[in-house]
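Taking it in order: structure first as structure tokens, then the write-up.
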Amino acid sequence: MRNRLAALLMAVLLLVYLVLVTQRAVMLVLTGEPVGIAMGVALIVLPFIAAWAIGRELLFGARTERLVRQLDAEGGLPVEDLPTRASGRPLRDAADREFPRYRAEVEAEPESWRAWFRLGLAYDASGDRRRAREALRQAIRLERAQAKAGGPAAR
């Protein structure tokens, strides 16, 4: 819940920033000076690129949260009994020992979004955030494709 509120606050702050920057950008463009026009255009374009990136991350978070809730309701989330650091993150060695199980699950069922999601959680526990996000994105793609097809949800 705290993360959601923080994300919402950041989105509101971004919106306020966009309004203020757009106002300044229009003022720069209206000067008619080439440098002012260039700066004004940059001030309009760059914040919208940032807004797109933030929106994409918020959507990723919402989709992964939805899949977590679904897996949790089904009893399909991995049991988190790994030893942890003081920060609460799993110890990498312990997570690495569990990792082959999740990789084998994906190899056995490459079209299962559930397997890909659990693999993403295993990558995250092992500290490989880039691969974790790739696996979670694959899980989201597979789940959305299954939902569109209206087919039975693969376990």
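The values are calculated or read from the model by the stated rules, or taken from the named source; none is laboratory data. The shown structure was predicted, so the numbers you read here are calculated from the model rather than taken from an experiment. Cβ atoms come from the backbone with ideal geometry, glycine included; neighbour counts cover every protein chain shown.
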Number of the condition not met by Pro78 [criteria: (1) more than 18 Å from the chain's Cα centre (by Cα); (2) in a helix (DSSP H, G or I)]:
(2)
Return a yes/no flag: does region 17-33 have any residue that is surrounded by 11 or more Cβ atoms within 10 Å (Cβ to Cβ), under 30 Å from Glu143 (Cβ atoms) and not β-branched (Val, Ile, Thr).
no
Counted residues, region 101-131 - those being under 16 Å from the mean Cα position of the chain (by Cα), under 17 Å from Glu80 (Cβ atoms) and either of a type in the set (A, V, I, L, M) or surrounded by 15 or more Cβ atoms within 10 Å (Cβ to Cβ) (or both)
9
Taking region 114-132, which residues are more than 9 Å from Phe99 (Cβ to Cβ), in a helix (DSSP H, G or I) and in contact with a Lys or Arg (Cβ under 8 Å, 6 or more places away or on another chain)?
Arg114, Gly120
Does at least one position in region 29-46 carry a residue that is under 25 Å from the mean Cα position of the chain (by Cα) and either of a type in the set (A, V, I, L, M) or assigned to a helix (DSSP H, G or I) (or both)?
yes
Some residue of region 71-80 being at pLDDT 90 or above, in contact with a Leu (Cβ under 7 Å, 6 or more places away or on another chain) and of a type outside the set (D, E, K, R):
yes
